[in-house]
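Here the structure is laid out as structure tokens; the discussion comes afterwards.
The values are calculated or read from the model by the stated rules, or taken from the named source; none is laboratory data. No experiment lies behind these values; they were computed from the predicted model shown. Here the Cβ is made from the backbone with ideal geometry for all residues, glycine too, and neighbour counts use every protein chain on show.
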Amino acid sequence: MSELTELGIAAIRDGVAKGDFTATEVAGAFNAAVAEANPALNAFIVTTPDHALAAAAKVDAARSSGQPLGKLAGVPIGMKDLFATEGVQTTAASHILEGFIPPYESAVSQKLWDAGAGMLGKLNLDQFAMGSSNETSAFGNVISPWRATGDTAARAPGGSSGGSSSAVAARIAAAATGTDTGGSIRQPAAFTGISGIKPTYGRCSRWGIVAFASSLDQAGPMARDVTDCAIMLEAMAGFDPKDSTSLDLPVPEWSTQLSDDLKGLKVGIPREYRLDGLNADVAKSWDDGIAWLKDAGAQVVDISLPHTRYALPTYYIIAPAEASSNLARYDGVRYGLRELPEGAGLQDMYAATRAAGFGPEVKRRILIGTYVLSAGFYDAYYTQAQKVRTLIARDFENAFKEVDVILTPTAPTSAFALGEKTSDPLEMYLNDVFSVPASLAGLPAMSVPAGLDAAGLPLGLHLIGRPFDEQGVLNAGLAIERRAGFAAKPAKWW
Amino acid sequence: MSVAPADVAKIATLARIKVTEAEVSAMVPELNGILAWVEQLGEVDVTGVEPMTAVIPNHLRLRADVVGADPLTGGDIRDKVLANAPAPEHGFFGVPKVIE
């Protein structure tokens, strides 16, 4: 049954519906694959084989009694451990939430279960989604299933959705949820040769997702291909009155409207993204992407996004500011860790709890956020960053008067080795240079695999669309997918 | 602008994170590196530019003023609310004494 784990969402759903195999067989195959691989990859913080089997049994029963099946009927997925799951520990990969058992289900995960998906387990991530390599988790690094040619060094699966990318790439989950604040779906997807889309801000409810930076956080799917992303996003998206920033719009049937015919489409190539000293393999894959989109009928247009270079510093003010506020709730009173030194008062308890519970990167960002919001510095840092954010969004607005979709690389390099970038926080931040601008502007954006670099590691191409135009992004992604013919898989070493 | 050890200690107090002197010493250059880097935003001309507070135009909604209209966010779930508390006492969140 091991070949069942080679299947993605559409193939599993259709195979279950036709009766080629049962959902229970699929869940069993993935549960076994997870049990075998997880000690090596550390992609899951907890595994929930019973959840996957129970969801599968429901689907099989529904099918035999002739009831209609959901969009994801019989599909076992991984759930990033940032989504609250009722009765299953939810930690955001932080000690401060270790042992936290949510009494409720997040809106997005509930929608996925309602669509017939089952949960293989809770996926590891960078602590509170703060990181680009999955090295800030309190539950250990996630290892990418990919290795460079002739090298056994452990590679980063990207971050923060590193458990998600590692599990999908290793074929131990049919798909996974991710969340994206500055690139946390797209960069890990690029590092591991899979697809992932961050929809327009507000498409997916944030209710029940552990908050990092609320004006940026968006959930999205990470899957084997563009079609699977489209199907899963349909199941995840939708209006939710419990999230005040949820978009009250119907969810399009993206998957049934997919088309790689791009005749009449204009694709923008932003000249500011052609950085000095851009990695040659990355530059070549970008050129390949341009050629593929032309081949699909698109017209390629040179555009300018003049404030691009300010996007990262803007992000590293706004995201920590929002994080310092959001993470104030971890106080040792209502849930999670409590550190109560002998004779400590309330204030001492707060400080001791937060010192013991948060990892170094989380503390760093809380301190930066506290500083930029503090009296005397607020206008110089925070207000200034909010104004520059307006200019960055305006750059995109202007560009989208001329073009329909924008093509860039997803990340400046392929996956680096674990430990390579941990000594300097700034160097790690620079990894998000291509993904952060679209986050600041709330735009839909996706990464699709484009090929392998000279070291045999995957490279991704990044498509950015107009607000609400996930279809345009998915279609351009499909055009690249069909022409790139990316079929490489990590060789199994675990 | 740059921070000195006393500034870092003050920020940590504001953020309610206990830090040791060694941690403060390690953080000073890290935070200064990041602050020096974000300082480049100061060179952007933002005359007449409104700060962005909402990235996608949306309006804030009011829910119906009915307690428990949505059972997921309604009341009457004291035990569920307390289930994850580190020190629940008599149906309340227990905390160290705050009045001397």
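Quick notes on this structure:
- Selection status of residue B:39, at the interface with another protein chain (Cβ under 9 Å from one of its Cβ atoms), under 21 Å from residue A:182 (Cα atoms) and acidic (Asp, Glu): yes
- Residue selection: residue B:50 fails the criterion of being within 23 Å of the chain's Cα centre (by Cα) and of a type outside the set (Val, Ile, Thr).
- Single match in A:52, A:40, A:29 (criterion: within 13 Å of residue A:116 (Cβ to Cβ) and of a type in the set (A, V, I, L, M)): A:52
- Screening A:202, A:289, A:277 for residues that are within 26 Å of residue A:485 (Cβ to Cβ) and either part of a strand (DSSP E or B) or not β-branched (Val, Ile, Thr) (or both) leaves exactly one candidate, A:289.
- Residue in the range B:58-75 that is surrounded by 15 or more Cβ atoms within 10 Å (Cβ to Cβ) and in contact with a Pro (Cβ under 9 Å, 6 or more places away or on another chain) present: no
- Here residue A:171 clears all of (1) surrounded by 24 or more Cβ atoms within 10 Å (Cβ to Cβ); (2) more than 17 Å from residue A:429 (Cα to Cα); (3) among the basic types (Lys, Arg) except the condition numbered (1).
- Selection status of residue A:346, surrounded by fewer than 20 Cβ atoms within 10 Å (Cβ to Cβ), touching a residue at least 12 places away in the same chain (Cβ under 8 Å), facing chain B (nearest Cβ under 7 Å) and over 30 Å from residue A:476 (Cα atoms): no
- Filter result for the condition that a residue is among the aliphatic types (A, V, I, L, M), under 21 Å from the mean Cα position of the chain (by Cα) and not in a loop (DSSP other than H, G, I, E, B), over A:366, A:406, A:392: A:406
- Scanning the range A:386-395 for residues that are more than 9 Å from chain B (Cβ to nearest Cβ) and either under 28 Å from residue A:142 (Cβ atoms) or crowded, with 24+ Cβ neighbours inside 10 Å (or both) turns up nothing.
- Residues in the range B:71-100 that are more than 7 Å from chain A (Cβ to nearest Cβ), assigned to a loop (DSSP other than H, G, I, E, B) and closer than 30 Å to residue A:87 by Cβ: B:71, B:74, B:75, B:76, B:77, B:90, B:91, B:94.
- Per the conditions (1) within 19 Å of the chain's Cα centre (by Cα); (2) within 25 Å of residue A:255 (Cα to Cα); (3) among the hydrophobic types (A, V, I, L, M, F, W, C); (4) part of a loop (DSSP other than H, G, I, E, B), the sole criterion not satisfied by residue A:69 is (1).
- Single match in A:354, A:338, A:364 (criterion: in contact (Cβ under 8 Å) with a residue 12 or more places away in the chain, at the interface with chain B (Cβ under 7 Å from one of its Cβ atoms), among the charged types (D, E, K, R) and surrounded by 24 or more Cβ atoms within 10 Å (Cβ to Cβ)): A:354
- The residue of the range A:85-108 that is surrounded by the fewest Cβ atoms within 10 Å (Cβ to Cβ), among those that are among the polar types (S, T, N, Q) and more than 13 Å from every other protein chain (Cβ to nearest Cβ), is A:85.
- Note on the range A:1-46: among residues that are part of a loop (DSSP other than H, G, I, E, B), of a type outside the set (Gly, Ala, Ser) and at pLDDT 95 or above, the one that is surrounded by the fewest Cβ atoms within 10 Å (Cβ to Cβ) is A:20.
- Residues located in the range B:52-70, provided they are within 7 Å of chain A (Cβ to nearest Cβ) and among the aliphatic types (A, V, I, L, M): B:52, B:55, B:56, B:60
- Residue check, residue A:399 more than 7 Å from chain B (Cβ to nearest Cβ), under 24 Å from residue B:43 (Cα atoms), small (Gly, Ala, Ser) and not in a helix (DSSP H, G or I): no
- The single residue among A:359, A:376 that is more than 7 Å from chain B (Cβ to nearest Cβ) and at positive phi turns out to be A:376.
Rundown of residues vs (1) of a type in the set (S, T, N, Q); (2) within 16 Å of residue A:22 (Cα to Cα); (3) in contact with a Pro (Cβ under 9 Å, 6 or more places away or on another chain); (4) touching a residue at least 24 places away in the same chain (Cβ under 8 Å), yes/no style:
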| site | (1), (2), (3), (4) |
| --- | --- |
| A:56 | no, yes, yes, yes |
| A:66 | no, yes, no, no |
| A:70 | no, yes, no, yes |
| A:87 | no, no, yes, no |
| A:104 | no, no, no, yes |
| A:114 | no, no, no, yes |
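- Some residue of the range A:308-318 being over 30 Å from residue A:355 (Cβ atoms) and either assigned to a loop (DSSP other than H, G, I, E, B) or in contact with a strand residue (DSSP E or B) (Cβ under 8 Å, 6 or more places away or on another chain) (or both): yes
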